[in-house]
Amino acid sequence: MDLFVFLPPLVGGLLIGAASVLLLIGLGRIAGISGIAFGLLDRPNWNAANLWRAGFVIGLVAAGWVWTQWTGQPLQPDRTANVPLLIVAGLLVGFGTSLGSGCTSGHGVCGLGRLSLRSLAAVATFMLTAGLTVFVTRHVLA
């Protein structure tokens, strides 16, 4: 197997971890994407308190662009996806992050790294729900 298959996820994971640690050390903030995006939408004024949020979100988008420029490989979204289903799924994810007081990045990357029991419960719930969803969609509804 080619090493290049493992290299991008490894580098991506290291960059996510480094960004999380730098945000926590530098600003004392948790790198939970839903909280960062909600804070940007909830308080859309461009003051110093929101500037880091905008920079973080811009960095997420810019990373995809940098990857395509560096490797010459375009990002390839699934163009056969059911758009109404994606919209419903996105709304359910938004509701779930509100209900769970955070998303997988906040709980999974940052919360587990801080040994948070609440994050451990949230990640266990995410994983069990994901497994159940895959089972139902592939074996029950198929």
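The values are calculated or read from the model by the stated rules, or taken from the named source; none is laboratory data. From a predicted model like this one, the values you see are computed outputs, not experimental measurements. With ideal geometry, Cβ positions are generated from the backbone for all residues, glycine too; neighbour counts draw on all protein chains shown. Note: accessible area is taken over every heavy atom of the protein model, side chains too, but ligands, DNA and RNA are not part of it. Shrake-Rupley method; radii C 1.70, N 1.55, O 1.52, S 1.80 Å.
Could you look through region 114-124, keep only residues that are surrounded by 14 or more Cβ atoms within 10 Å (Cβ to Cβ) and in a helix (DSSP H, G or I), and pick out the one that is modelled with the highest pLDDT? Give the steps one after another, and end with the answer.
Applying the first criterion (surrounded by 14 or more Cβ atoms within 10 Å (Cβ to Cβ)) to region 114-124 yields 116, 119-120, 122-123.
Still in the running and in a helix (DSSP H, G or I): 119-120, 122-123.
On the way: SER119: 88, LEU120: 92, ALA122: 88, VAL123: 89.
Ranking the candidates gives LEU120 first.
Which of (1) more than 19 Å from VAL123 (Cβ to Cβ); (2) modelled with pLDDT of 85 or more; (3) touching a helix residue (DSSP H, G or I) at 6+ places or on another chain (Cβ under 8 Å) is the odd one out, the single condition LEU24 does not satisfy?
All conditions are met except number (1).
Which one of ILE58, ILE16, ILE30, ILE36 is β-branched (Val, Ile, Thr), more than 22 Å from SER101 (Cα to Cα) and within 17 Å of the chain's Cα centre (by Cα)? Talk me through it step by step, then tell me what you get.
Working: ILE16 fails: more than 22 Å from SER101 (Cα to Cα); ILE30 fails: more than 22 Å from SER101 (Cα to Cα); ILE36 fails: more than 22 Å from SER101 (Cα to Cα).
That would be ILE58, the only listed residue that is β-branched (Val, Ile, Thr), more than 22 Å from SER101 (Cα to Cα) and within 17 Å of the chain's Cα centre (by Cα).
Which of (1) open to solvent by 50 Å² or more (accessible area, probe 1.4 Å); (2) at negative phi; (3) in contact with a helix residue (DSSP H, G or I) (Cβ under 9 Å, 6 or more places away or on another chain) is the odd one out, the single condition THR133 does not satisfy?
Unmet for THR133, out of (1) open to solvent by 50 Å² or more (accessible area, probe 1.4 Å); (2) at negative phi; (3) in contact with a helix residue (DSSP H, G or I) (Cβ under 9 Å, 6 or more places away or on another chain): (3).
Among helices (runs of 4 or more DSSP H) lying entirely in region 9-105, which contain 1 or more residues that are surrounded by 14 or more Cβ atoms within 10 Å (Cβ to Cβ) and basic (Lys, Arg)? It would help to see each step written out before you state the result.
Values: elements: 33-42, 48-71, 83-99.
Output list reads 48-71.
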